[in-house]
Each structure stands twice: as C-alpha cells, then as structure tokens.
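Structure record follows, encoded as structure tokens.
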Amino acid sequence: MSAFRGLLTCIFGVIVVYTAVVIANHGLGLLPIFFGDILKMGWPGQFNLDFLGFLTLSGVWLAWRHEFTPAGLALGLLGFFGGAPVLTAYLFLASRQTNDVVELFLGKARAQRS
C-alpha cells in the first residue's frame with residue numbers, strides 16, 4: 001500500500017505543479033481550448049475526449065462508492081471537475097483509513113456485504 005500511496009503522491013505533485021505553470025503562462029481559458037480541440041477532430045481532441053471519459057468514470061465511481069448520497073454526488077462532481085489531483089488526494093486519504101484494497105475500492109459498507 002505504501003508504494004501505491006507514493007505513486008498517488010507523485011501524480012498529485014507533478015500535476016499540481018504543472019497546472020500552476022500552465023495557469024501562470026496561459027491563464028484559466030481551458031474549456032474553450034479543451035472542447036475546441038475535440039471539435040477539430042484531431043489527435044489533441046481525441047486525447048481530450050479520452051480524458052473526458054476518464055473524468056466521467058472517476059466522478060461516477062466516487063459517487064457510487066458513497067452510494068449516491070448527496071455527499072457522494074458532490075464528491076463525484078468534485079472528482080469530475082477536479083481530475084487527477086482530487087482523485088489522487090481522495091485515494092491517498094481513503095488508503096490511510098484502511099489497508100484492505102477491497103474496502104478501499106468498494107467502500108466500507110459494500111466491502112462488509114461482500
């Protein structure tokens with residue numbers, strides 16, 4: 001589990017620093033560029049569409065893990081819009097609460113039922 005936490009920490013740190021540099025150099029105009037690339041039907045758009053799929057899966061998984069409660073839905077939205085920094089921070093904190101991988105990925109209630 002410590003190697004997994006190390007990977008999460010590395011991903012979180014690299015993306016946060018990279019994002020800060022991009023914002024400093026280019027501002028916060030992400031959405032028009034993101035969706036504009038998708039509409040151009042080129043490789044940058046393909047990558048963005050693929051990434052959008054991962055964001056969707058991340059958000060749905062977070063909401064599902066919390067059984068679609070209001071807090072779970074809010075967390076899912078945060079995961080969708082916050083991307084890898086939110087998901088890595090969430091997994092890091094959740095992994096500190098358990099060393100059971102089944103519980104980590106299913107949530108406590110579902111892990112107890114299985």
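Relative contact order for the chain: what percent, with Cα pairs under 8 Å and sequence separation of 6 or more?
In percent, rounded to a whole number, it is 27.
Using Cα-only point scatterers and the Debye equation, what is log10 of I(q)/I(0) for the chain at each q in 0.15, 0.18 Å⁻¹, rounded to two decimals?
So the normalised log intensities work out to -0.77, -1.02.
Roughly how many whole Å is it from the C-alpha centroid of the range 10-25 to that of the range 55-114?
Going from one Cα centre to the other spans 23 Å.
Each residue of the range 84-93 in turn: what ³J(HN,Hα) in whole Hz from Karplus with 6.51, -1.76, 1.60 and θ = phi - 60°, glycine and Pro shown as x?
4, x, 5, 5, 5, 5, 4, 5, 4, 5
Just to be sure I understand the model, the point goes 7 Å from the Cα along the line to the Cβ. What's the resulting His26 to Thr69 distance in nm?
Placing both labels 7 Å along Cα→Cβ, they lie 3.8 nm apart.
How large is the dipole of the range 2-113 about the Cα centre if only Lys and Arg carry +1 and Asp and Glu carry -1, each at its Cβ, rounded to the nearest 20 debye?
On the way: 7 positive and 5 negative charges, 49 e Å.
Dipole of the range 2-113, to the nearest 20 debye: 240 debye.
Can you give the Rg to Rh ratio for the range 37-78, taking only C-alpha atoms and Rh from Kirkwood?
Rg/Rh: 1.21.
Simple spin-label model, 7 Å along Cα-to-Cβ: Asn99 to Val60 in nm?
In this crude label model, Asn99 to Val60 measures out at 3.4 nm.
Dipole of the range 2-113 (Lys/Arg Cβ +1, Asp/Glu Cβ -1, origin at the Cα centre): which of Val16, Ile38, Val101 lies farthest to the positive side?
Val101
Based on the alpha-carbon gyration tensor of the range 1-64 and its eigenvalue square roots a ≥ b ≥ c, which shape applies: rounded if a/c is under 1.5, prolate if not and a/b is larger than b/c, or oblate?
In terms of gyration-tensor shape, oblate.
Bear in mind these aren't lab numbers, they're just calculated from the coordinates by the rules spelled out. Please read all numbers here as calculations on a predicted model, not as lab measurements. As a convention, Cβ positions derive from the backbone with ideal geometry for all residues, glycine included, and neighbour counts pool all protein chains shown.
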